[in-house]
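Below: the structure, in structure tokens.
Read the figures in this text as sums done on the coordinates, not as results from a lab. These numbers were taken from a predicted model, which means no experiment stands behind them. Heads up, the Cβs are rebuilt from the backbone with ideal geometry, glycines too, and the neighbour counts pull from every protein chain shown.
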Amino acid sequence: MPIQILSDDVASQIAAGEVVERPASVVKELLENSLDAGARSINIRIEGAGQRLIEVSDDGDGISQGELTLAVARHATSKLRTAEDLFHITTLGFRGEALASIASVSRFSITTRRTGAEVGSHIRVEGGAARPVEGAGGPEGTEVRVEDLFFNVPARLKFLKHDSTERGQIDGLVTRYALAYPQVRFQLWQDNRATLKTSGNGDRREILAQLYGIEIARQLLEVNSDEDGRHMNGFISPVALTRSNRRDITFFINGRWVQSVPLTTALVQAYHTLLMVGRFPLAVVFLNLPPEEVDVNVHPAKAEVRFREPERIFSLVQRGTRRALLAYSPVPSIGLPQWQTAAAQPRVIDPAWDMAADLKSDSRPAELPEEALVPSETVGAAPVELPSGQLPLLRLIGQVGLSYLVAEGPDGLYLIDQHAAHERVLFERLMKQVAGKSIPAQALIEPAVVTFPPQQAGLFSHQMDALEHIGFQIEPFGPASFRVRAIPALLVSMDPAAALRVLVEDFEEDENPLRSEIEGRVAARVCKRAAVKAGQAMSIEEQKKLVADLETCQSPRTCPHGRPTMIHLSVDLLERQFGRRGSR
């Protein structure tokens, strides 16, 4: 084809593809415009996960009638004049592309009234074609409506995720900006349901309590550090409060939410030697830097930045975080393990271990129904007849490294991963009860309330039916909170809040074996949290009980996610290793 200049609509849709990736992108651009306009109150209304309607209204400065046509034109902005201004950006928006890009792929309208003006104005743009400006009434500020997003780009609709995912993206975005601007009152409505409301009183910890719950908000440590005119403040989690992913690490630079792998790495490195491998902190960090040291004109969506002196910024984050950790939680001293025999340190078997045993009257939770109790096979009783293909009867030898059990069988030695094995035992017991529709539930004396960030609350709500099928009794308790009234009697010793939070965390193990079984996948996650952990000392009775329970499982050689529960060392292999039978 010959070279030619693209038409305005094609050029606009290409630009829109860079700026408007999904409904959350639209919310971000409109939200930043409201903040730049000095809004003290911002209301966001979403319908149909943002595809049907996105409405953002604020009480900011508004737009004069004479400038309204320019506001929806490409490359029109009030925030910079020369190329030099790009290196002194103090506003969130500056490219002059957002409104034009959004208007080119939606049915778009603005109703605005300038502060002090007697009358407002209104403009409508459909698929990039603007209509004349009209006079309109309304309060001071601006209301932007985006309807039928991507109506003229149906191919883009096919790339959007499930509605719950798109709603979660919007929840997460607004939540972050509510934390960055606590002096602004935010209200977010998704399909006529309030998912976020803040008071705008400037207290960040109050917003954190809404997002994560009062207990977590109370535990977060405050960070405040200054180095050569560069300021860092915010909140980080103590070493006892962790996540299985980096999702809850958020950075703002000069009021702009950014995604920066180096900054996240610097913060995580500050926790070096303090956290277990695979665990990550929760953090909300705000950096205030001289504008000339940050290049924000890197990506059309303004989500990435570059630093003039990256080493100094990374060092600020790492040192500031480490100082706060050491100030609030000194590094624990590490000594030699205290080895004691079971006789020297008698222990009571945890109720979670005694799944197949009668719960004794003095340790059984109150109001546990008698039909929930299963007769036990006492240690030392006659061996249970096992189905073909199952484990042979094993004789316990002991525990190694507080993580593995050593047992002897007729064909050699077995090394058993205590966490994976207990996970398998719990899972099979629970799924057997689900199949028989006879799940004994233990009512909690005091219901447990769990609060999620709005983004995770949406994900959790889709798991509630599966949780109820496996014995939980849960009900909504506010915009992003849930109340647990009962849990399966089998899992009575675990923390209900921990059981629920594991459902919305990124999972570190392969779930392919359970991909088609929603209830099984949920049960496996809960049982993983309830199972004994590596590094946990077990009494001889607990070790014997675990081995005996594992022998009776239908699939004893793997945990529910397919990870092996044991390694078998045959007698033949041992003899070869010791040179008793030929060479290695």
Testing the spin-label approximation: label points 7 Å from Cα along Cα→Cβ at Glu475 and Ser403. State their distance in nm.
4.4
Taking placed amide H atoms and a strict 5 Å upper bound, the residues 5 or more places from Leu444 or on another chain that come that close are Ala486, Ile487
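Let a ≥ b ≥ c be the square roots of the eigenvalues of the Cα gyration tensor of segment 8-201; is it rounded (a/c under 1.5), or, if not, prolate (a/b larger than b/c) or oblate? Intermediate results must be reported in sequence, preceding the final value.
Numbers: a/c = 1.29, a/b = 1.04, b/c = 1.24.
Because its axes are fairly even, with a/c under 1.5, segment 8-201 counts as rounded.
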Considering the options Ala178, Ala117, Gly127, tell which one lies farthest towards the positive end of the dipole of segment 8-201, charges being +1 on Lys and Arg and -1 on Asp and Glu at the Cβ, about the Cα centre.
Ala178
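Could you grab the relative contact order for segment 144-256? Cα pairs under 8 Å, six or more apart, rounded to a whole percent. Write out the running numbers ahead of the final one.
Numbers: 97 pairs, mean separation 16.3, N = 113.
Reported as a whole number, the value is 14 percent.
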Computed about the Cα centre, the charge dipole of segment 220-327 from +1 Lys/Arg and -1 Asp/Glu charges at the Cβ has a magnitude in debye, to the nearest 20, of 420
With a 10 Å radius around each residue's Cβ, average the other Cβ atoms per peptide and rank 262-273, 545-556, highest first.
545-556, 262-273
Can you say what percent of the DSSP beta bridges in segment 174-287, counting only those with both residues inside, are antiparallel? Round to 5.
80
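R0 = 25 Å: FRET efficiency of Asp495 with His462, Cβ-based, nearest 0.05? Don't jump to the answer; show the numbers that get you there.
Numbers: r = 22 Å, r/R0 = 0.88.
The calculated FRET efficiency here is 0.70.
Rounded to the nearest 5, what % of the DSSP beta bridges within segment 8-201 are antiparallel ones?
Details: 34 of 40 bridges.
If we restrict to bridges inside segment 8-201, about 85 percent are antiparallel.
Using Cβ counts within 10 Å as a stand-in for footprinting exposure, how do His75, His462 rank, fewest first?
His75, His462
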Neighbour-count ranking for Glu304, Glu423, Glu126, Glu311 (other C-beta within 10 angstrom, fewest to most) reads Glu311, Glu304, Glu126, Glu423
Positive end of the dipole of segment 220-327, charges at C-beta (+1 Lys, Arg; -1 Asp, Glu), about the Cα centre: which of Leu289, Phe307, Tyr271 has its Cα farthest in that direction?
Tyr271
Distance in nm between label sites at Leu241 and Arg306, each 7 Å beyond Cα in the beta-carbon direction?
3.7
Placed amide H near Met566: partners under 5 Å, 5+ positions off or other chain
Asp417
Backbone HN-Hα couplings from phi across segment 164-172 [Karplus 6.51/-1.76/1.60, Hz, Gly and Pro as x]:
4, 5, 5, 5, x, 4, 5, 4, x
